[in-house]
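This report refers to the structure that appears directly beneath it.
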Amino acid sequence: VKVVTIGLGYIGLPTSALIAQNGIQVHGVDINPHVVDTINQGKIHIVEPSLDIAVEESVKRGFLKADIQPVVADTYLIVVPTPFKGNHEPDISYVESATKNILPFLKDDDLYIIESTSPIGTTEKMMNLIYGERPELIGKLNIAYCPERVLPGNVMHELVFNDRVIGGVDEKSTNKALSFYKQFVKGELHPTNARTAEMCKLTENSSRDVQIAFANELSLICDKADINVWDLINLANKHPRVNILQPGCGVGGHCIAVDPYFIVSDYPMESKIIGTAREVNNYKSFWCAEKIQNEKLKFELENKRKPKIALMGLAFKPNIDDLRESPAKYIVNKVLQNDNNGNYFIVEPNIEEHNVFKLTNYKSAVENADIIVLLVAHQEFKELNLESNKIVLDFCGIKKIEYEFRFK
Ligand code: SAJ
């Protein structure tokens, strides 16, 4: 075995399959026996285009094997989740236990790489942990940080063609890690140190979060100022040096809505804009829920009956089935909490059923509703021909109409 990957999730499995496809022996480790069994049958447990073929092929050819325990290898890749705790502090316990798990297998000149999004200093911390337990190896291992930056839905392509930032704890480690990635990455490889590489990952996602917060803030201002925010952004973007992103119902997913907190939690006094962006994007979801509530009350006053409301979309972004940290899901929950005996149709065309929400087909929801709330810009929703006698709250810019003016 050449490579041991710890964590066979959204990034670990595609990465393992890609390395295996390049003819390198990979031993993938996951704590979940169901995941291990599925992969060893050449099947996959997550939704990602082209991943099924890559895994099936690698397992069949004998280059990929999954297990619940690591084995001796030359290279160890840590690809486990780094969530945050209740107070938005990063939780690196999975990285820590993955590292402890491989400790007994490490030997001279091995390469240890963390890919998991991590707070600044994590790689050095893990180096100290390793050398604390295995002092005979001090200075003899190659230890580096190399963040993944692939976009869900396009992972198999981006894993190969995206540039990578690779930071070792010393130059020897950086060079060793560079030659490892050279075997299967076609994008450019950029050497740096471990702390810069850690911060680079957090910076990329914080940058996007801040930019989306700017768009969301504009949407709040425009709503009060009677200006169509979609028109406004389109016009402002005609300037050669302005490029504003799109407002939405908030920011979700397990990356952009999480990673900025890794900076804020360690550097609270210095990260004002990054912290405020998180607040603005979270507030936007709350604001949308309030808008729905107000619209509902307005309808009741005008029509002397409760409206039927279609809540369109649960996923964290368009055309995926992933509900993690989803602002749309937060809004639906909040709306239902405020009014648990209302008439709501909950719609998510990318999933068949949900353990909490009773889902309705999107076409019948739109047909039967008095108020249509567009939360996620799914392709299906874009193709809908919305009747003009319905009230439409467009939070994701499908119809590019204003919240207040309504589509009437
Ligand atoms: N969003 C907006 N307005 C926009 C763009 C996005 O409201 O103009 C919202 C989306 O609806 C979604 C959230 O932002 O709720 C995040 O979506 P996304 O498509 O921007 O990003 P993710 O979370 O799918 O993937 C990001 C990517 N990072 C960057 O683009 C800097 C990806 O390259 C990273 O690998 C990934 O995070 C990760 O794993 O960290």
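Each peptide in 127-134, 49-56 was scored by the mean count of other Cβ atoms within 10 Å over its residues; highest first, the order is 49-56, 127-134.
Taking trypsin sites (Lys or Arg not before Pro) across region 166-218, the ones in a DSSP loop with at most 15 further Cβ atoms lying within 10 angstrom of their Cβ are Lys186.
Rounded, prolate or oblate: which fits the chain when a ≥ b ≥ c are the square roots of the eigenvalues of the alpha-carbon gyration tensor, with rounded for a/c under 1.5 and prolate only if a/b beats b/c? Walk me through the numbers on the way to the answer.
Numbers: a/c = 2.41, a/b = 1.86, b/c = 1.29.
Prolate.
Could you calculate the FRET efficiency of Phe105 with Asn319 from 1/(1 + (r/R0)^6), where r is the beta carbon distance between them and R0 is 35 Å, rounded to 0.05? List each step's numbers first, then the result.
Numbers: r = 41 Å, r/R0 = 1.17.
Rounded to the nearest 0.05, the efficiency is 0.30.
In terms of packing, defined here as the mean over residues of other Cβ atoms within 10 angstrom, the peptides 11-17, 346-352, 33-39 line up highest first as 11-17, 346-352, 33-39. Of the GluC sites (Glu not before Pro) found in region 143-216, those in coil by DSSP whose Cβ has at most 16 other Cβ atoms within 10 Å are Glu188.
Rounded to the nearest 10 degrees, the angle from helix 93-102 to the longest Cα principal axis of the chain is 30 degrees. For the chain, DSSP calls about 5 percent of its internal beta bridges antiparallel.
Pairs of lysine residues in region 1-121 that meet both criteria, 8 or more places apart or on different chains and Cα atoms under 15 Å apart, total 4. Taking the Cα atoms only, what angle lies between the long axis of helix 272-303 and the longest principal axis of the chain, rounded to 10 degrees? Taking Cα atoms only, the helix is inclined about 30 degrees.
Counting only alpha carbon atoms, the long axis of helix 194-225 and the longest principal axis of the chain meet at about 0°. Report relative contact order for the chain in percent, whole number only (criteria: Cα-Cα under 8 Å, sequence separation at least 6). Computed over the chain, the figure is 11 percent.
Which of rounded, prolate or oblate describes region 147-296 when judged by the alpha-carbon gyration tensor and an a/c cut-off of 1.5? Mind dumping the intermediate values first?
Working: a/c = 2.53, a/b = 2.02, b/c = 1.25.
Note, shape of region 147-296 comes out prolate.
Helix content alone sets the calculated 222 nm mean residue ellipticity of the chain: runs of n ≥ 4 DSSP H residues at -39500 (n - 2.57) each, divided across all residues, give -13000 deg cm²/dmol.
Values in this text are rule-based calculations from the coordinates and carry no lab data. Just so we're clear, the structure is a prediction, and the values are computed from it rather than from any experiment. Counting neighbours? That spans all protein chains shown, and the Cβs are built from the backbone with ideal geometry, glycine included.
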